[in-house]
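What follows is a short report on a single structure.
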Amino acid sequence: AGIGKCVALDLARRNARTILACRSHERGQAAVEEIRAATGNPAVLLRLLDTGSLASVHAFAQAVLREEKRLDVLVNNAGLTGLPFTITPEGLEQTFATNYLGPFLLTNLLLG
C-alpha cells in the first residue's frame, strides 16, 4: 500500500521485472494482481519478507541472489510506528528492527 505500491506500479509500467516484498501473502498477492492488471506486465512477483525478522531478511536475500540475474533498484520502504514496545524473537526492539536493522541488513546482503 502507499508509496511502495506506487513505486512498484511505476516500475511495472516501465516494463521492469518487479518484486514486491511483503509481510502478508494475501495483501501482497492482491497488490501483484492489481499491478499486473493495470500495467499488463506479467513480471510482477510476490516474495514474502518481514524486515523485523533478521532470519526473514537472510532468507529473502538468499532467494533473490539465487533466483535473479541482477538487481538494478532496491526500494527500502518498510516501516512502522506507534506500536507498543515489543521485543522480537531475536531479542531486538520491533520498531528499530523493522525500520532500520532489517533494511540495512537487506541492502548489505544484496550488495554482496
Which whole-Hz ³J(HN,Hα) couplings does segment 5-13 yield from phi under the Karplus relation 6.51 cos²θ - 1.76 cosθ + 1.60, θ = phi - 60°, glycine and proline marked x? 5, 5, 5, 4, 4, 5, 4, 5, 4
For segment 1-48, with every protein chain kept in place, what is the accessible area per residue (1.4 Å probe, Å²)? 63 Å²
Over the residues of segment 1-48, compute the C-alpha Rg and express it relative to 2.2 N^0.38 Å. 0.97
Report, by chain and number, residues whose modeled amide H sits under 5 Å from the one on T88, excluding near sequence neighbours (fewer than 5 apart, same chain). E93, Q94
Could you list which residues have their amide H under 5 Å from that of R23, counting only those 5 or more apart in sequence or on another chain, with H placed in the peptide plane? L49
Compute the accessible area per residue over segment 52-111, keeping the other protein chains in place, probe 1.4 Å, unit Å². 66 Å²
Tell me whether segment 52-111 comes out rounded, prolate or oblate; compute the Cα gyration tensor, take square roots of the eigenvalues as a ≥ b ≥ c, and use a/c under 1.5 as the rounded threshold. prolate
Based on the Cβ-Cβ distance of N15 and L48, what FRET efficiency does E = 1/(1 + (r/R0)^6) give at R0 = 25 Å, to the nearest 0.05? 0.55
Round to a whole number: what % of the accessible area of segment 52-111 belongs to carbon and sulfur, probe 1.4 Å? 60 percent
Please give the calculated 222 nm ellipticity per residue for the chain, where each DSSP H segment of at least 4 residues contributes -39500 (n - 2.57) and the sum is spread over every residue; nearest 500 deg cm²/dmol? -14500 deg cm²/dmol
What part of the accessible area of segment 1-48, given as a whole %, is carbon or sulfur when the probe is 1.4 angstrom? 52 percent
Starting from the Cα-Cα distance between F104 and Q62, subtract it from 0.36 nm times their residue separation and give me the gain in nm to one decimal. 13.6 nm
When each pair of different Cα atoms in the chain is counted once in the 1/r mean, what is the Kirkwood radius in angstroms, to one decimal? 14.6 Å
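The values are calculated or read from the model by the stated rules, or taken from the named source; none is laboratory data. This one's a predicted model, so the numbers in the text were calculated from it and none came from an experiment. Here the Cβ is made from the backbone with ideal geometry for all residues, glycine too, and neighbour counts use every protein chain on show. To get the accessible areas, we keep the full protein, side chains included, count just its heavy atoms, and leave off ligands, DNA and RNA. Shrake-Rupley method; radii C 1.70, N 1.55, O 1.52, S 1.80 Å.
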